[in-house]
Amino acid sequence: MNSKFTEDLKNYIRDIVDFPKKGIIFKDITPLLKNPKTLNLTVELFCEHFKNKKIDKVVSMEARGFIFGSIVAYKLGCGFIPVRKKGKLPYKTVSIEYKLEYGKDILEIHKDAIEKDDNVLIVDDVLATGGTAEAVAKLVEKCGGKVVCLGFLIELTYLNPKQKLKSYNIVSLIKY
Ligand code: AMP
């Protein structure tokens with residue numbers, strides 16, 4: 001990993017204090033997305049990590065995960081699969097319930113999205129507490145897929161997300 005490049009990317013991530021609620025520092029990636037150079041660099045850095053991993057499918061969660069997930073899938077020459085909140089996918093689904101800070105949520109994937117033993121890469125923008133990523137990894141496994149790696153643009157290390165993801169390979173381009 002070229003740390004100079006990733007330090008450069010940090011200049012294009014904007015902290016929004018108390019969004020969407022008090023106490024949260026939201027990592028706004030839209031400045032990085034609108035700049036062709038930083039968008040390209042991010043995708044290239046992701047692909048450098050995953051190009052030799054024989055990935056069959058990239059799985060991402062709504063909504064910002066779709067941005068990088070689909071570009072990375074295209075660049076790696078593999079399929080893209082969306083994971084969505086309950087009730088959004090039109091066909092038969094497999095679902096998983098997971099805990100949020102307050103309460104619970106349900107994520108779904110199409111029943112026929114993953115073939116048995118597919119090598120799956122999970123991509124999202126931010127790894128915070130790790131709860132969402134853990135749920136998506138379990139969902140993929142429930143469908144018979146193998147989670148080869150999880151890739152994030154940003155990891156919030158102070159929330160200790162790896163605690164929940166001990167059995168997985170994790171790549172985070174930028175750490176705070
Ligand atoms: P978590 O389950 O806590 O790891 O949260 C991960 C999901 O919430 C990701 O899909 C992120 O897009 C979003 N998220 C959590 N915390 C932040 C944050 N501080 N800034 C931006 N997005 C966040």
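What follows is calculated from the coordinates using simple rules that are stated; it is not laboratory data. Since this is a predicted model, take the numbers as computed values, not measurements. Reconstructed Cβ throughout: ideal geometry from the backbone, glycine too, with neighbour counts over all protein chains shown.
Given the structure, is E62 among the acidic types (D, E), surrounded by 13 or more Cβ atoms within 10 Å (Cβ to Cβ) and under 22 Å from A137 (Cβ atoms)? Give the derivation first.
Details: among the acidic types (D, E): yes; surrounded by 13 or more Cβ atoms within 10 Å (Cβ to Cβ): yes; under 22 Å from A137 (Cβ atoms): yes.
Criteria met by E62.
Having 2 or more residues that are closer than 29 Å to E101 by Cα and among the hydrophobic types (A, V, I, L, M, F, W, C) is the bar; report the helices (runs of 4 or more DSSP H) wholly within the range 1-91 that clear it.
The qualifying helices (runs of 4 or more DSSP H) are 30-34, 65-76.
Does K92 qualify as being surrounded by fewer than 13 Cβ atoms within 10 Å (Cβ to Cβ), touching a residue at least 40 places away in the same chain (Cβ under 8 Å) and away from the ligand (no atom under 15 Å from the Cβ)?
Spelling it out, it is not the case that K92 is surrounded by fewer than 13 Cβ atoms within 10 Å (Cβ to Cβ), touching a residue at least 40 places away in the same chain (Cβ under 8 Å) and away from the ligand (no atom under 15 Å from the Cβ).
What are the pairs, 6+ residues apart or on separate chains, where a residue within the range 20-39 that is under 18 Å from L127 (Cα atoms) has its Cβ under 6 Å from a residue that is in a strand (DSSP E or B) and of a type outside the set (K, R)?
I25/D15; I25/V17; F26/I16; K27/V126; K27/I154; D28/I16; I29/D125
For the range 123-144, name all the residues that are surrounded by fewer than 21 Cβ atoms within 10 Å (Cβ to Cβ) and among the β-branched types (V, I, T).
T129
Table: residues versus (1) on the phi < 0 side of the Ramachandran plot; (2) in contact (Cβ under 8 Å) with a residue 60 or more places away in the chain; (3) near the ligand (Cβ under 10 Å from one of its atoms).
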| site | (1), (2), (3) |
| --- | --- |
| Y102 | yes, no, no |
| I106 | yes, no, no |
| V123 | yes, yes, no |
| A137 | yes, no, no |
| G144 | no, no, no |
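Looking at (1) surrounded by 12 or more Cβ atoms within 10 Å (Cβ to Cβ); (2) in contact (Cβ under 8 Å) with a residue 12 or more places away in the chain; (3) farther than 17 Å from K175 by Cα, which one does E48 not meet, given that it meets all the others?
Unmet condition: (2).
Take G151 and tell me if it is of a type outside the set (A, V, I, L, M, F, W, C), in contact with a strand residue (DSSP E or B) (Cβ under 9 Å, 6 or more places away or on another chain) and assigned to a loop (DSSP other than H, G, I, E, B).
It is false that G151 is of a type outside the set (A, V, I, L, M, F, W, C), in contact with a strand residue (DSSP E or B) (Cβ under 9 Å, 6 or more places away or on another chain) and assigned to a loop (DSSP other than H, G, I, E, B).
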